[in-house]
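Read through the structure below, which is laid out as structure tokens, and then see the notes.
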Number of protein chains: 4
Amino acid sequence: MYSKFLNLSPDKQERILNAALKEFSQKGYEKASTNEIVKEAEISKGLLFHYFKNKKELFLFLYDHFVEIIMDEFYSKIDWNERDLLMRFREITVLEFELMKKYPDIFNFFMAAYHEESADVKIELEKRNKEILVSSYQKLFTDIDTSKFKQGIDINRAINIIIWTMEGFSNEQQKKEKLRSVDQINMDEILSEINHYLNLLKTFFYA
Amino acid sequence: MYSKFLNLSPDKQERILNAALKEFSQKGYEKASTNEIVKEAEISKGLLFHYFKNKKELFLFLYDHFVEIIMDEFYSKIDWNERDLLMRFREITVLEFELMKKYPDIFNFFMAAYHEESADVKIELEKRNKEILVSSYQKLFTDIDTSKFKQGIDINRAINIIIWTMEGFSNEQQKKEKLRSVDQINMDEILSEINHYLNLLKTFFYA
Amino acid sequence: MYSKFLNLSPDKQERILNAALKEFSQKGYEKASTNEIVKEAEISKGLLFHYFKNKKELFLFLYDHFVEIIMDEFYSKIDWNERDLLMRFREITVLEFELMKKYPDIFNFFMAAYHEESADVKIELEKRNKEILVSSYQKLFTDIDTSKFKQGIDINRAINIIIWTMEGFSNEQQKKEKLRSVDQINMDEILSEINHYLNLLKTFFYA
Amino acid sequence: MYSKFLNLSPDKQERILNAALKEFSQKGYEKASTNEIVKEAEISKGLLFHYFKNKKELFLFLYDHFVEIIMDEFYSKIDWNERDLLMRFREITVLEFELMKKYPDIFNFFMAAYHEESADVKIELEKRNKEILVSSYQKLFTDIDTSKFKQGIDINRAINIIIWTMEGFSNEQQKKEKLRSVDQINMDEILSEINHYLNLLKTFFYA
DNA sequence: CATGAATGAGGATTCATTCAT
DNA sequence: AATGAATGAATCCTCATTCAT
């Protein structure tokens, strides 16, 4: 499908990808201008549509492309030997923060995509997100050890509380970071804070 | 500032407000068309700009207007005698669900506004949200009784876990509801689920 | 529907109508450029679309508008007292030639419309043409006297031969005229030729 | 001129011809897309323009090519021994219907070409049509026997009436056929109808 | 108060054709 | 011979805002 694009010189591929990434993350799908993208990528107006049928396809290609890149790195870095549930969550959250620090533009793009309201792409995005969610769940929580949980605890709801806590913390952190520049993210501080929360939860959930 | 608009016949005010609300919640700030708004409200193009300097002002007026309406109803319905922290959270969450069911259009508008990426209004919205958040906090958690908490618990982080749990549950619920129609929301089910989570948290946090 | 347009100053209406008529008859629906139309009419790009939702509506409005003009003049000039079939056909054909000479641009537009292949407008045009054909038939051939026909003649097929002869002659004439300029059309010659054909047919069909 | 193209493998020639035929008959000259043609023919963009200087040349080559094919078959099937004028017309019309049924795509292409308004090709087409018309006339009506005509009849005008009757019938038939599918064409019915008209004309013209 | 005509830059996309490989 | 990348002008149409009436 996109073999045409992938045969382009890597330099030009990258210019197009980065220009599009930047424009979409800054302005969202609808307001992003293909004019700006070609200007930034220094290609002609026609070429963009030679490789991508339309704006929607460009956007979705970008999404799939960067999801793959991030996912690959994510899964390759997970310590699959750690089978304790809370420790697995800890790792996931920490890895997320690290990747966010390493690829801020991509994560901005993901954020924009997540909140995209445009009917054109919303359904496609939701379809992809569902798939990603399901496959992630399977990969990340298979063979997980839940034996440490206190007896009588509703494990499903407990897991939800853990997830929502990590999400909530993550969101709050991102809000704070928008005010500072990316470089000022202090990983140590974040790690320490994550540990605090996980210890609290461990006290509650584990025997 | 908007005295001109507020002197209009209530009928016309309402037509404009509803037309704008509908357009903005369906399409978001950028894509919303003032053309469609005036058509729906059955007023002339010029009149809209007679009352609101520009699209941005209309949007922000709308936001302030409906925030006020919702907040007033919210605060008037809170049982200020309930001073237990978890019970207060319970009430807040339940009230939110009730208002969401009563005014779905307004909440759609709020959701759209919350995720609005347009540079034009984003800063203004963030300013307002910060104010609302701060003043809400003061109103909702002043004179709250935290004496029931287990000794040695980090109350601030515990509160965050409660907040994030309620938020997480709320978000998940909204995702589910998007698939059904508004009428099918089953408040009893939701209430029961909220109670489950709060009981879990109570077990952990309370002595 | 087009009340907005019809409230415009007659001067501007005419400029727009003529510019569009010219562009559409010269290039056909698809290739006609709205850019050229606004340039020729000396109005802004936006204004055209303020009055007509899109190119299609403009085209169809033009069609309806000029059909009405031509039809009104046509029907007002027919001698409704002449009830002989061949004489009625004679009148119709002559009137057509006169109107063609008077409004060559409009007839060019009609020709272009008749052969329009663009899916966008084809169906709408066919619908209109069917209606026009049916109503014309009713108006033009009601109370017609066919008593002069020879006995035993298949009147329906005879009428078809008359129609096709008049059509064929008309088409041939138009082909010839394309090579000359409009002014050189010699009505006397045409009239004489029409009479020749009708006399031939009269010899055959009438007792 | 087109020796390059004619040296191509017959398979590829045919793919290109059919793809172009299909695209041009469906969309007309202007709207036909060379992109679609190469896609359908499964050749590269450059190759098409290697063989045909431009779209116009491709179109005209196609026209000449299929005119030749159809004409050859047409002339080979005419019964040159039949020298009666009306019978010759009968044969021409019937053969046309048969060829139309056999090669519907080609005739659609011819129809589209006949009504083509695009300045690019219109003049060239008219030139060709004139030549074809003249040479056809010479071939088809040389050595024709007109001795059966009633004395005193204006033979040239009589012939025109016959031509226009056959044309008119043919056009009407095609209009009807557009509504049905090609397979439903009932040749017997058509033949019978043609005979009716020719008998009528025979009564008038022949002694 | 109220109207709606007017603007023109900017939106995404298509197009036939060229040319280096 | 054959490829397909590259061009950029042209396409229709939308938009928020202004202003004369």
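The values are calculated or read from the model by the stated rules, or taken from the named source; none is laboratory data. All of these numbers come straight from a predicted model, not from anything done at the bench. Glycine also receives a Cβ, built like all others from the backbone with ideal geometry; neighbour counts cover every protein chain displayed. Protein only, heavy atoms only, side chains kept; ligands, DNA and RNA dropped before computing areas. Shrake-Rupley method; radii C 1.70, N 1.55, O 1.52, S 1.80 Å.
Using θ = phi - 60° in the Karplus curve 6.51 cos²θ - 1.76 cosθ + 1.60, the 3J(HN,Hα) couplings for the stretch A:153-158 round to 8, 6, 5, 4, 5, 4 Hz; x is entered for Gly and Pro. Annotation: C:T146 carries an accessible surface of approximately 50 Å², with a 1.4 Å probe and no ligand, DNA or RNA atoms counted.
Of the two radii for chain A, the radius of gyration is 1.03 times the Kirkwood radius, both from the alpha carbons; that is the Rg over Rh value. With label points set 7 Å from Cα along Cα→Cβ, the inter-copy distances at A:K56 are 1.8, 3.2, 3.8 nm, sorted shortest first. Proximity of backbone amide H atoms, modeled 1.01 Å from N, is registered between D:Y206 and D:K150 at under 5 Å, excluding neighbours fewer than 5 places apart on the same chain. Among C:R180, A:R15, A:R157, the sequence by solvent-accessible area, most first, with a 1.4 Å probe is C:R180, A:R15, A:R157. Working from label points 7 Å from Cα in the Cα-to-Cβ sense, the C:E126 to A:V67 distance is 4.3 nm. Taking all protein chains together and rolling a 1.4 Å probe, D:Y2 ends up with roughly 50 Å² accessible. Could you work out the percent of alpha carbon pairs in the stretch B:110-155 separated by over 18 Å, rounded to a whole number? Taking all Cα-Cα pairs of the stretch B:110-155, the fraction more than 18 Å apart is 53 percent. When all protein chains stay in place and ligands, DNA and RNA are ignored, the 1.4 Å accessible-area order of C:W164, A:W80, largest first, is A:W80, C:W164. With every protein chain left in place, what is the accessible area of A:D11 in Å² (1.4 Å probe, nearest 10)? Counting only protein heavy atoms, the figure is 90 Å².
Of the listed residues C:E30, B:E167, B:E42, D:E73, the order by accessible area with a 1.4 Å probe, largest first, is B:E42, B:E167, C:E30, D:E73. What separates the D:L95 label point from its copies, with the point 7 Å along Cα to Cβ, is 4.2, 7.9, 9.3 nm, written shortest first. In this structure, D:L47 and C:S33 have a Cβ-Cβ separation that, at R0 = 30 Å, corresponds to a calculated FRET efficiency of about 0.45. Here is how the number arises for chain C: DSSP H runs of 4 or more residues each give -39500 (n - 2.57), the sum is divided by the residue count, and the result at 222 nm is -25500 deg cm²/dmol.
The 3J(HN,Hα) values that the Karplus relation (6.51, -1.76, 1.60; θ = phi - 60°) gives for the stretch B:162-171 are, in residue order, 4, 4, 5, 5, 5, 4, x, 4, 4, 4 Hz. Gly and Pro appear as x. Annotation: for a label point projected 7 angstrom from Cα along Cα→Cβ of C:Y206, residues of the stretch C:77-107 with backbone N closer than 17 Å are C:81-94. Rounded to whole Å, the principal axis extents of the Cα atoms in the protein assembly as shown read 128, 71, 47, largest first. Separation of the alpha carbons by more than 31 angstrom is noted, of A:K150/B:K77; A:K53/C:K12; C:K31/D:K39; B:K56/C:K56; D:K31/D:K127; A:K12/D:K27, for A:K150/B:K77; A:K53/C:K12; B:K56/C:K56; A:K12/D:K27.
Karplus-based coupling profile of the stretch B:196-206, in residue order and whole Hz: 4, 5, 5, 5, 4, 5, 4, 4, 6, 8, 8, with θ = phi - 60° in 6.51 cos²θ - 1.76 cosθ + 1.60 and x standing for Gly or Pro.
Take each residue of peptide A:43-55, count the partner chain Cβ atoms within 10 Å of its Cβ, and average: the result is 0. A Cβ-based charge dipole, computed about the Cα centre of the stretch B:1-99 with Lys and Arg at +1 and Asp and Glu at -1, lands at about 600 debye.
Give the lysines whose C-alpha is closer than 17 Å to that of B:K130, dropping any in the same chain fewer than 8 places away, or say none. Counting by Cα, and skipping residues close in sequence, B:K130 has these lysines nearby: A:K175, A:K176, A:K178, B:K122, B:K139.
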